[in-house]
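K.L.:
Let me begin by handing over the structure; questions about it come next.
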Amino acid sequence: MNFLLAEDQLALVDSVTNLLRDKCDPLRVHKIFDTPGDAQFDAELWSALCAMGVPAIMVPEEHDGLGLELVDLAIVAEALGKAVAPVPFLGHALATLAIALGGSEAQKGKWLPRLASGEALATVAFCEGKSGWMPDAWTLSGTSLSGVKTLVPNAAEAELIVIGTADGLALVEKGAAYSCVRIDSADRTRPVDTVTFDGAAADPLPGDAQVVTRLMDAAAVLLAADSFGGADHCVTMSVEYAKLREQYGQPIAGFQGLRYQLVEMALATEPSRGLYWYAAHAWDAIPDKASHAASQAKAHLADTYLQVTRDTVEAHGGIGFTWEHDTHLYMKRAMLNWAWLGSPSRHRLRAADLAGW
């Protein structure tokens, strides 16, 4: 059995990686991260990704998409995580997938071509309160929504929000009765908002509860993929620094304690690639295994990413603690990946329940 990526998938990763190398260097990310006021996103980079077809990856071909699978979207998420790309990929990808999975033909025809091209920006609103990520915690209902959603990615910029409600999923367009307040989140590469709905007109998606489950599983896989990309880059960054930084007349890579730490970072990260690959494959081809695999991948990789970023700070010594260094970009992104969609412990409990433990 072949467990490697196909040639067209490798070509996709190479194309995205080359684009990020040219348009998303660390200095550019720092500039956006450090811009005073409400952080938004890199519009030029997002436009280039849209022109490349990234938002169209899982849109059906009949709606101007590429008709590919979640594993293709996930390997792009890994590349974006590796570059800490400041783009609204997560919310937009999930909103697009929600409509593709559960929308009516009219909803698909209206929105999918525009979302695939990047003409319109969309996002998703799941969480209520501090930790109400899962459908059993959603209280908004009806076609006139009132209530509050938190940690909504780029809600202020989005033209369309896919809302998780007690009845399923629903669409709310920009201009409806809702307001957004940007949260001063640690991760400025992916700004989030608190959205207050006050009788906002909603257009329910006709898809059933299975669509909601599929969407939540896809979200977990994309977060796991982003986490792997970030952790993998942190390992590389730490190793390269250890080769260059000298103390007592020799590179610090020669110090046994640090060498062990770098090895532990690599051993924690690289084998985890298979977790998110398998979770994406299960979502595409083994539906009865998908939820369990998605929660396991999200839990393990979110924890791994956060720990690896802590180790990266230590490996860089004093400079790793400074605002100007890249390490804090990755640590703060890891913090949002850890919290968004629920903590690792929440997903481990979900995986245990699904396994019948």
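K.L.:
Per DSSP H run of at least 4 residues, take -39500 (n - 2.57); add these up for the chain, divide by its residues and hand me the 222 nm value, nearest 500 deg cm²/dmol. Before the final figure, lay out each step's value.
P.N.:
Numbers: 12 runs with 191 residues, N = 357.
One gets -17500 deg cm²/dmol as the mean residue ellipticity at 222 nm.
K.L.:
Still on this structure, I have one more. Please turn the phi angles of the range 255-271 into ³J(HN,Hα) values with the Karplus equation 6.51 cos²θ - 1.76 cosθ + 1.60 (θ = phi - 60°), one per residue in order, whole Hz, x for glycine and proline.
P.N.:
Computed from phi, the couplings for the range 255-271 are 7, 4, x, 5, 4, 4, 5, 5, 5, 4, 4, 5, 5, 6, 8, 4, x Hz.
K.L.:
Can you give the FRET efficiency for D25 and Q307, using 1/(1 + (r/R0)^6), R0 = 22 Å, r = Cβ-Cβ distance, to the nearest 0.05?
P.N.:
Computed FRET efficiency for D25 and Q307 comes out at 0.25.
K.L.:
Just to confirm the number: angle between the C-alpha axis of helix 89-102 and the first principal axis of the chain, 0 to 90 degrees, nearest 10?
P.N.:
40
K.L.:
Could you state how much accessible area M335 has, in square angstrom rounded to the nearest 10, with a 1.4 Å probe and all protein chains kept in place?
P.N.:
Counting only protein heavy atoms, M335 exposes about 90 Å² to solvent.
K.L.:
Same structure, new question: Assuming a ≥ b ≥ c are the square roots of the Cα gyration tensor eigenvalues, decide whether the range 1-109 counts as rounded (a/c under 1.5), prolate (otherwise, with a/b larger than b/c) or oblate.
P.N.:
It comes out oblate by the Cα gyration axes.
K.L.:
Between E264 and S144, what length comes free when the chain is fully extended (0.36 nm per residue of separation minus the Cα-Cα distance, one decimal in nm)? Could the numbers behind the result be given before it?
P.N.:
On the way: separation 120, 0.36 × 120 = 43.20 nm, distance 5.18 nm.
Fully extending the segment from E264 to S144 adds 38.0 nm.
K.L.:
Mind checking the per residue accessible area of the chain for me, 1.4 Å probe, whole number of Å²? Please report the intermediate quantities before stating the final value.
P.N.:
On the way: 15370 Å² over 357 residues.
Value returned for the chain: 43 Å² of accessible area per residue.
K.L.:
Suppose each label sits 7 Å from its Cα in the direction of the beta carbon; what would the M52-F3 distance come out to in nanometres?
P.N.:
The two pseudo-label positions are separated by 2.7 nm.
K.L.:
Another one. With +1 assigned to the C-beta of every Lys and Arg and -1 to the C-beta of every Asp and Glu, and no other charges, what is the dipole magnitude of the range 141-245 about the Cα centre in debye, to the nearest 20?
P.N.:
Roughly 400 debye for the range 141-245.
K.L.:
Note down, for the chain, the three equivalent ellipsoid semi-axes (square root of 5 times each alpha carbon gyration tensor eigenvalue), biggest first, whole angstrom.
P.N.:
34, 22, 20
K.L.:
Sort 312-325, 75-88 by packing, meaning the average of other beta carbons within 10 Å per residue, with the highest value first.
P.N.:
Numbers: 312-325: 15.8, 75-88: 25.4.
Ranked from most to least packed, the peptides come out as 75-88, 312-325.
K.L.:
Once you keep just the Cα pairs under 8 angstrom separated by 6 or more residues, what percentage relative contact order results for the range 125-179?
P.N.:
Averaging sequence separation for qualifying contacts and normalising by length gives 35 percent for the range 125-179.
K.L.:
Count charges around Y260 for me, please; just the other residues with Cβ under 15 Å from its Cβ, Lys/Arg as +1, Asp/Glu as -1.
P.N.:
Residues close to Y260 contribute a combined charge of -2.
K.L.:
Taking K and R as +1 and D and E as -1, what net charge do the other residues with C-beta under 12 Å from the C-beta of S343 add up to?
P.N.:
Summing Lys and Arg as +1 and Asp and Glu as -1 gives +4.
K.L.:
Related question: How high is the relative contact order of the chain, in percent, counting Cα pairs under 8 Å that sit 6 or more residues apart?
P.N.:
Computed over the chain, the figure is 16 percent.
K.L.:
Which translational diffusion coefficient, to the nearest whole µm²/s, is obtained for the range 180-239 from the Stokes-Einstein equation, given a Kirkwood hydrodynamic radius over C-alpha pairs, 4 °C and 1.567 mPa s?
P.N.:
After rounding, the answer is 85 µm²/s.
K.L.:
If the chain between E159 and R346 were fully stretched, how many nm would it gain, using 0.36 nm times the residue separation less the Cα-Cα distance?
P.N.:
64.2 nm
K.L.:
Now a separate question. Give me the tail of P(r) for the range 197-336 as a percent: Cα-Cα pairs with distance above 22 Å.
P.N.:
For the range 197-336, the fraction of Cα-Cα distances above 22 Å is 49 percent.
K.L.:
Ranked highest first by average number of other Cβ atoms within 10 Å, how do 206-214, 294-302, 147-155 line up?
P.N.:
Packing order, densest peptide first, comes out as 294-302, 147-155, 206-214.
K.L.:
Let me ask something additional. Output the direction-averaged projected area (hull surface divided by four) of the convex hull of the alpha-carbon atoms of the range 4-64, in nm².
P.N.:
Working: hull surface 23.0 nm².
About 5.7 nm², averaged over all directions.
K.L.:
Within the range 65-115, what whole-number % of the accessible surface is contributed by carbon and sulfur, with the 1.4 Å probe and all protein chains included in the calculation?
P.N.:
58
K.L.:
With a 1.4 Å probe and every protein chain kept in, tell me what percent of the accessible surface of the range 151-257 is carbon plus sulfur. Spell out each step's value before the answer.
P.N.:
Values: 2130 of 4140 Å².
Carbon and sulfur atoms account for 52 percent of the accessible area of the range 151-257.
K.L.:
Also, I was wondering about something else. Given a cut-off of under 8 Å on Cα pairs at least six residues apart, what relative contact order in percent is computed for the range 204-357?
P.N.:
Relative contact order here is 30 percent.
K.L.:
So who's got an amide H within less than 5 Å of the one on L169, skipping anything under 5 residues away but keeping other chains? H placed 1.01 Å off N, in plane.
P.N.:
L205
K.L.:
Among the aspartates and glutamates, which fall within straight-line cross-link reach of K31, defined as a Cα-Cα distance under 15 Å, with same-chain neighbours fewer than 8 residues apart omitted?
P.N.:
Output for K31: D42, E44, D187, E324, D326.
K.L.:
Over the range 285-357, with every protein chain in place, what whole percent of the accessible area is carbon and sulfur at 1.4 Å, could you tell me? The partial results should precede the final answer.
P.N.:
Values: 1950 of 3250 Å².
Ligands and nucleic acids excluded, carbon and sulfur reach 60 percent.
K.L.:
At q = 0.14, 0.17, 0.21, 0.24 Å⁻¹, what log₁₀ I(q)/I(0) does the range 133-244 have when each alpha carbon counts as one equal point scatterer in the Debye sum?
P.N.:
For the range 133-244, the Cα-only Debye profile gives -0.66, -0.88, -1.20, -1.38.
K.L.:
What are the ³J(HN,Hα) couplings of the range 47-60, residue after residue, when phi is run through the Karplus curve with 6.51, -1.76, 1.60 and θ = phi - 60°? Round to Hz, x for glycine and proline.
P.N.:
Result, rounded to whole Hz: 4, 5, 5, 5, 5, 6, x, 4, x, 8, 4, 9, 7, x.
The values are calculated or read from the model by the stated rules, or taken from the named source; none is laboratory data. Model, not experiment: these values are computed from the prediction. Backbone-built Cβ (ideal geometry, glycine too); neighbour counts: all protein chains shown. With ligands, DNA and RNA removed, areas are computed over all heavy atoms of the protein, side chains included. Shrake-Rupley method; radii C 1.70, N 1.55, O 1.52, S 1.80 Å.
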